[in-house]
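Please treat every number below as a calculation from the coordinates, not as lab data. Not measured: the values here are computed from a predicted model. Backbone-built Cβ (ideal geometry, glycine too); neighbour counts: all protein chains shown.
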Amino acid sequence: MNTVWQVAAREVRTRLFAKATIISTLVVLVLIVAGVVAVKIIADNDAGSEAERVGIAAETADLGPALSAAAESAGYPIELTETTTGDATTAITDGDLAAFVSGDPRAPVLLVEDSPAPELLTALTTAAQQYVMSSAITDLGGDPAQVGTDVAAAAPTVEALSTEETEFDPYAFIVAMVTCALLLFTLLQSGSLIAMGVVEEKVSRVVEILLATIRPAQLMGGKILGIGIVGLVQLLVFGGAAAIAAAATGLLDGVDLNLGSAFVWMLVWFLLGFALYAVLFGGFAALVSRQEDIGAVTTPMIFGMMAPFYLAIYLVPNLPDSPVVRILSQVPFFAPFMMPVRQAFDAVEAWELALSIGLCVVFVPLLVWLAGRVYSRAVLNTGGRMKLKDALAR
Amino acid sequence: MATLEIDHLNKSYGTLRALKDMTFSVESGEIFGFVGSNGAGKTTTMRIALGVLRPDSGEVRWDGRPLDLQMRRRVGYMPEERGLYPKMKVGEQLTYLARLHGMSAADARAAVEHWTEVLGVATRRGDEVQKLSLGNQQRVQLAAALVHDPQVLVLDEPFSGLDPVAVDVMSGVLRERAAAGVPTVFSSHQLDLVERLCDRVGIVRGGEMVALGSIDELRTTATSRWRVVAPDAPPGWADDLAGTTVLEADGDTTVLELGGAGVGAEQAILQAALAHSPVREFTQVRPTLTDLFRHVVSADDAAAAATEEKAA
């Protein structure tokens, strides 16, 4: 065990403090923080957009309160200013006013530059209709305010048979996407680091000295452990940066979301995904003898990672509860990508989670055995690329 | 300290028999030279000894027990294909290797300092291996084989690529280690060096040990050769001497072969020469390791030719 630790420590020392790693980590870090800030800005623009200035003529001022209320509820807040047609025309041309309302409150005239915002038009229509209605009620001897309250109270109550929440939650979606993307990035990065490390040792022939001293399993195990630690540190940094940036910008204020548990689950799935994929990268990389040939081994593996990733980000959010998703998310290689998304959508039962983790845990030793076999047979083979069949034979 | 035994190793790569019953042993404190042409099986033998390759049959023992991983950690190995992490600093790399062999951090540091001093690369400890010249990389590689205070040394061509000064340093190190009781095996094509350094030599050909013994033993032949320098002797003076054949007669110098006769038989040659002329030089001509090696290799060629003829 001590030997494995020595190997792992070397990997951590040479990888974590390598210039390339530090630079790429910083770049991703900047991207994450910038992304969070960008999302925040877009969200602000969407929700709390500034009130438009709308002018209103004195003779139409009675419409004012109703217009403001209607526009507000249509998601188009306005700020009313009393003005004259002459002033308003100039202001609209200059862009100081969005529109000008004038004329008889029963048939108001809306003056705009070219075309009115649909929300404003609807709001004005509603306001005018309300005005007509109120006048009619007053004329009939009724109380418009009382009628208004009654009308507002006349709403149906929905009683659904199914209690399941099917509402699309954009925040859960964002968290799921970020988790998936970070998983893919760190798994790809550590996978290729492992592959490159294995081939580097083969190319430089240092593997011969090492294997005269330690077992192939110790060498591969230490390498995977060390690079796993590097990946975990990166993931902690990235995930932490995303969480801190989100908290600092107040992006997730008032959103019912447990970031802490999302983060812990991301680490769990990283560990399982890493155990599944990293071992294979290590084993198969031993088949080639030159850095140029790495692609032949890693490309199929990268595609093998993309499939569950895309299924996770496209299929799961749309059908979080479908049988296909439920079954696929139990398959070891799919689980690390699909489960976090299902969890983010709250569409997973505890037993499903336990089962998929259990399956991964059972599957990992099998993979370790397979990859270890390929590795120890192939790692001293120099020259061309060794066929998988030959490495497994004997 | 104990004996390293290579016992009847066999290894085939497909149809090629790389080793045929390779057997020899190296005593404690002995330097064993492993000689043979390219592809004769030296490297294969060493790789098997270090557990890097698996033999088809046969065993490597140390101290009477099979050389397992635990004991292999006490072996200093220099592979034929040099290997170090190119982007790792010399000092860091050597410390790492020493620690892999089970040394404590403090011991490893001290050993790295010691061996880089001895091998003259102390000033390069902070440099990446790939920035060193080939010769200095070679010195670092040697340091890597020695850094963990090995109890056995197996070195594949430790002298190739070294300058004469480094060769001397390395020879000194090997002698010193052997004096400390470490059995040492090394292969080399620099036969003069092998002759100078080794207690015993094994010559391999086609995966088989064809000659094995101390240099003296190997140089002892059934017939002996003598060189006589007799300036005034007439040409052909030695032609009729009983039991001898003239191999070479060039001016003053005559080389004769004395077949099978016992000790003292050469005195007859000296007397015959003295009868004709003063004798300036009278020495036995012993075959050098190079001669022996050529002999073995030519036998190899002859055998190969014979096989080809059969095939044709």
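Below is a table of values for the structure above.
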{"quantity": "Antiparallel %, DSSP beta bridges [both residues in the protein assembly as shown], to 5", "calculated": "65 percent"}
{"quantity": "Under the span-like rule (Cα at least 27 Å along the axis, Kyte-Doolittle mean at least 1.0), DSSP H helices of chain A", "calculated": "A:19-47, A:170-203, A:216-249, A:259-285, A:350-378"}
{"quantity": "Percentage of interatomic Cα-Cα distances in the stretch A:273-323 larger than 11 Å", "calculated": "73 percent"}
{"quantity": "5 angstrom amide H check on B:ALA18, placed H, neighbours 5+ away", "calculated": "B:LYS11, B:SER12, B:TYR13"}
{"quantity": "For the stretch B:222-285, convex hull volume per residue from C-alpha positions, Å³", "calculated": "70 Å³"}
{"quantity": "Convex hull volume per residue for the stretch B:16-103, taking Cα atoms only, in Å³", "calculated": "141 Å³"}
{"quantity": "Contact order normalised by residue count of the stretch B:222-285, Cα under 8 Å, 6+ apart, percent", "calculated": "51 percent"}
{"quantity": "Quotient of Cα Rg and 2.2 N^0.38 Å for chain A, N being how many residues it contains", "calculated": "1.48"}
{"quantity": "Compactness relative to 2.2 N^0.38 Å, alpha carbon Rg of the stretch B:4-218", "calculated": "0.99"}
{"quantity": "The stretch B:4-218 - share of DSSP beta bridges that are antiparallel (%, nearest 5)", "calculated": "55 percent"}
{"quantity": "Convex hull volume per residue for the stretch A:304-394, taking Cα atoms only, in Å³", "calculated": "111 Å³"}
{"quantity": "Bins of 20 Å, starting at 0 and running to the largest distance - Cα pair percent for the protein assembly as shown", "calculated": "13, 29, 23, 15, 10, 6, 2, 1, 0"}
{"quantity": "DSSP-defined antiparallel bridges as percent of all bridges, the stretch A:51-147, nearest 5", "calculated": "35 percent"}
{"quantity": "Chain B - percent relative contact order, Cα under 8 Å, separation 6 or more", "calculated": "20 percent"}
{"quantity": "Chain A, relative contact order [Cα under 8 Å, separation at least 6], %", "calculated": "19 percent"}
{"quantity": "Measure of compaction for the stretch A:51-147 (Cα Rg per 2.2 N^0.38 Å)", "calculated": "1.08"}
{"quantity": "10 Å Cβ shell holding at most 11 others, DSSP loop, chymotrypsin sites (Phe, Trp or Tyr not before Pro): longest site-free stretch of chain A", "calculated": "A:169-394"}
{"quantity": "Set of aspartates and glutamates with alpha-carbon distance to B:LYS11 below 19 Å, sequence-local pairs under 8 removed", "calculated": "A:GLU208, A:ASP390, B:ASP21, B:ASP56, B:GLU59, B:ASP68, B:GLU80, B:ASP156, B:GLU208"}
{"quantity": "At 0.890 mPa s and 25 °C, Stokes D of the stretch B:108-246 from Kirkwood alpha-carbon radius, µm² per second", "calculated": "133 µm²/s"}
{"quantity": "Which listed pairs, of A:LYS202/B:LYS42; A:LYS19/B:LYS42; A:LYS202/B:LYS20; A:LYS389/B:LYS131; A:LYS19/A:LYS387, have C-alpha distances above 30 Å, in listed order", "calculated": "A:LYS19/B:LYS42; A:LYS389/B:LYS131; A:LYS19/A:LYS387"}
